[in-house]
C-alpha cells in the first residue's frame, strides 16, 4: 500500500488481503464456540475463511467442537511457520 508504514510488531511476509463486505456483521453471525476460539487466535482470520475451515474441521471430527478448535490451531501454526519472520514456537 502506498504511503502505509508498517509497525515493527506487525512485520510479516504473509500476504495481506482486502475483503469486501461488512466483516463485523459476518463475525457476529459466527457460532459462539468459533468466536471464542478467534478471540485467542494469533492471525487476523476473515469471518468467511475461518467459517469455511471450521465447517471442514467439524465435519472431519464428527461434530466434535473441541477437536475442530484443535484443528484450527494446527492450521494456524502451519500458516505462521511459512512467515519468514517467524519466531519458532513449540507445538503442545
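Below are the figures for this structure:
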{"quantity": "Pair list, Cβ < 7 Å and 6+ apart or interchain, from segment 39-65 residues that are at negative phi to residues that are in a loop (DSSP other than H, G, I, E, B)", "calculated": "46/19; 47/30; 51/30"}
{"quantity": "Residues of segment 18-37 classified as under 24 Å from residue 82 (Cα atoms) and at pLDDT below 95, total", "calculated": "2"}
{"quantity": "Selection within segment 21-40 - surrounded by 10 or more Cβ atoms within 10 Å (Cβ to Cβ) and not in a loop (DSSP other than H, G, I, E, B)", "calculated": "23, 26, 27, 28, 33, 34, 35, 36, 37, 38"}
{"quantity": "Residue in segment 57-66 that is under 20 Å from residue 22 (Cα atoms), modelled with pLDDT of 95 or more and surrounded by 14 or more Cβ atoms within 10 Å (Cβ to Cβ) present", "calculated": "no"}
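The values are calculated or read from the model by the stated rules, or taken from the named source; none is laboratory data. Not measured: the values here are computed from a predicted model. Please note: Cβ atoms are built from the backbone with ideal geometry, for glycine as well, and neighbour counts cover all protein chains shown.
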